[in-house]
Amino acid sequence: MAPPASLPIEFVVTPRFEAFYALYALTNNAPSPVDRWKERALVRLPRDFDRVAKRVAPVPLFWPLLADALQHTSGEMTFDEILSTVREMPAEELKANILSGIFHDPATVQSMVTGKKSLKQVLTNDKLPGGELLGHFGLKPYSADSHAASAMVRLLSNPTSFRDELALVLDRFWQSGFKHDWSALEPVLRAESLHLKDLHENGSLGELSRELNLPIAFDEKAGEFQPKAGAAIKFDRVNCLYVIPSGFNTRRWWAKYETRPQRFSLYFPIAREAASPNKIVEHERQTRESSLPSQHAVNAESVFRALGDTTRYAIASMLARTPTTSAELARSLKVSKPTITHHVQTLRAAGLIEEEADRGSNRLSLNRETVAALSDAAVEHFFSSTGDLALVTTRKRKSEL
């Protein structure tokens, strides 16, 4: 008998869910672990932001739903890639993606996309599954005058306009301050991603699931996992399971997208420290307000982890001598462009990369100030008597013992 298929897992850092979860926290009136971040973020928003945002997300729960618009894209995306994907996505595809997040029945979605059934016909069907969830979306009981129904009618009747409004809201949210928040939060999430990867490489899937409190149970012998609701899914049906450190997923949402018949991609944004946006944004504020050059902020753990990979160390060594483009790095190191992009993002998140536009390309160089400040940051990191310790040991896998 052939052994069970292994489960492909990737650990990535991306704002593809964070932007939507942050908007949920921002528009939700209920208390949350990120309220200090929320207070500051609300002050930065344009005056008419709430009015425009409610046209695409009439209730807060729509924001995590709207993340489903990106379900057929790659796992790790920058915000610029998120925004360009939304803007360039065929309107009918965006409509189908969003509807599939609300109505988890493919036949129902297809009937609405093709116009065979109206929103009213679907929502007044007493046999439609998921009525309780539809109530949270503000769609049940059905009322043509409700803000939620109006938004869905716009999506169905004019998906191009809905898509453009969604892109506008995301761009304004990013430019009004979330861009700076993400810059402050990303290095912490990048270090967390490396920590989670260590856990995975040195333990079993079951241990990883329990450590992260995932809403699924792995059965490695059977080569499948069991969600809390629904049927078990075989490992060989999974294209990839993405583990994504998160600062805003306090509700522990996760996503399963069908990439082709009976094939899935799974996304698990993990918020292990729910208050991290409060701490990181406050740290960024203090750093930004400081005018002393000696106070250049360096996360020693992120730098050491970034340079601990031999390829990234080679990239840093090259960039210290000569400013170089990503394409030139790929050719020199004989690795693919996506691989270079991943390594550059890790180095950038650790504060080790500087960029300068040069005739249509970006030339990368090593940030000398970060390297110079690393010694003091390392002393503070190792010899500080306060703060949590990240104690991860390198040990053999159980299968190797």
**Study point:** Residue that is part of a helix (DSSP H, G or I), charged (D, E, K, R) and closer than 28 Å to L189 by Cα, where the choices are K38, K120
**Key:** K38
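So that you can scan it fast, the table gives a plain yes or no per residue for (1) of a type outside the set (S, T, Y); (2) farther than 20 Å from G101 by Cα; (3) assigned to a strand (DSSP E or B):
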residue: K197; (1), (2), (3): yes, yes, no
residue: L208; (1), (2), (3): yes, yes, no
residue: F218; (1), (2), (3): yes, yes, yes
residue: A231; (1), (2), (3): yes, no, no
residue: N239; (1), (2), (3): yes, no, yes
residue: I244; (1), (2), (3): yes, no, yes
residue: T250; (1), (2), (3): no, no, no
Exercise for review: Please specify each residue of segment 76-98 satisfying the condition of being in contact (Cβ under 8 Å) with a residue 40 or more places away in the chain, crowded, with 18+ Cβ neighbours inside 10 Å, farther than 16 Å from F173 by Cβ and of a type outside the set (A, V, I, L, M).
Suggested key: E76, K95
Point to revise | Residue satisfying all of: in segment 1-29; exposed (fewer than 15 other Cβ atoms within 10 Å of the Cβ) and over 19 Å from the mean Cα position of the chain (by Cα); modelled with the lowest pLDDT among these | key: M1
Point to revise | Extreme residue, farthest from F268 (Cα to Cα), among residues of segment 30-71 that are among the small types (G, A, S) and open to solvent by 20 Å² or more (accessible area, probe 1.4 Å) | key: A30
Point to revise | The listed residue being modelled with pLDDT under 80 and of a type outside the set (S, T, Y), out of E284, E301 | key: E284
Exercise for review: Check G206 against each of (1) touching a residue at least 24 places away in the same chain (Cβ under 8 Å); (2) open to solvent by less than 30 Å² (accessible area, probe 1.4 Å); (3) farther than 24 Å from S74 by Cα and name the one condition it does not meet.
Suggested key: (1)
Practice item. Any chance you could count how many residues in segment 245-265 are open to solvent by less than 30 Å² (accessible area, probe 1.4 Å), out of contact with any Gly (no Cβ under 9 Å at 6 or more places or on another chain) and within 26 Å of V188 (Cα to Cα)? Key: 5
Check your understanding: What is the one condition in (1) at pLDDT below 70; (2) over 12 Å from S302 (Cβ atoms) that H381 does not satisfy?
Key -> (2)
Study note, to complete from the structure: Exactly one of V153, V113, V109 is farther than 29 Å from P269 by Cβ, without any contact (Cβ under 8 Å) to a residue 60 or more places away in the chain and of a type in the set (A, V, I, L, M), and that residue is V153
Revision key, fill the gap. Flagged in segment 219-232 as crowded, with 18+ Cβ neighbours inside 10 Å and under 23 Å from the mean Cα position of the chain (by Cα), in numbering order, are F225
Check your understanding: Take the residues of segment 99-113 that are assigned to a loop (DSSP other than H, G, I, E, B) and farther than 18 Å from R154 by Cβ: which is most open to solvent (accessible area, probe 1.4 Å)?
Key -> H104
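The values are calculated or read from the model by the stated rules, or taken from the named source; none is laboratory data. Note that the structure is predicted; figures quoted are calculated from it, not measured. Methodologically, a virtual Cβ is constructed for each residue, glycine included, from the backbone with ideal geometry; neighbour enumeration extends over all protein chains shown. Only protein heavy atoms, including side chains, enter the accessible area calculation; ligands, DNA and RNA are left aside. Shrake-Rupley method; radii C 1.70, N 1.55, O 1.52, S 1.80 Å.
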